[in-house]
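To start, the structure under review is shown below, and the notes come after it.
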Amino acid sequence: MPLITEPHLKEPGKRYFQAYSPGDDFYEALIDTHQGLSDEQSLAVNARLVLLLANHIGDITVLREAMAIARKPFND
């Protein structure tokens, strides 16, 4: 399974009229998830979320590619 890097977010049964709307919905849900948490709690939620989604994806090759892409701007 290749890593999908193009916009791919959607919610089953929901009709979107703008291509960016699913991303906005996800971002809003992500912000809501962190509402009222301390910085430490927020970091812990992010770590748990990464592990949950990595387990859902399951393909270590895809996960390695995603990690490399995520880190790329910080490589020297």
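The values are calculated or read from the model by the stated rules, or taken from the named source; none is laboratory data. Everything quoted here is computed from the prediction, not taken from an experiment. All Cβ positions, even for glycine, are placed from backbone atoms using ideal geometry, and neighbour counts span all protein chains on display. Side chains are part of the model used for accessible areas, which takes the heavy atoms of the whole protein and leaves out ligands, DNA and RNA. Shrake-Rupley method; radii C 1.70, N 1.55, O 1.52, S 1.80 Å.
Taking the average, over residues, of other Cβ atoms within 10 Å as the packing measure, peptides 14-20, 60-66 rank 60-66, 14-20 from highest down.
When the solvent-accessible area of the chain is split by element, carbon and sulfur atoms take up 59 percent of it, the probe being 1.4 Å.
Note on surface exposure: His34, His56, His8 rank His56, His8, His34 by accessible area, highest first, 1.4 Å probe. Averaged per residue, the stretch 1-40 has 94 square angstrom of accessible surface, using a 1.4 angstrom probe with ligands and nucleic acids left out.
Restricting the calculation to Cα atoms, the chain shows an Rg/Rh of 1.00 when the hydrodynamic-style radius is the Kirkwood one.
Once fully extended, how much extra length lies between Lys10 and Thr61, figured as 0.36 nm per residue of separation less the alpha-carbon to alpha-carbon distance? Walk me through the numbers on the way to the answer.
Working: separation 51, 0.36 × 51 = 18.36 nm, distance 2.38 nm.
My answer for the length gained is 16.0 nm.
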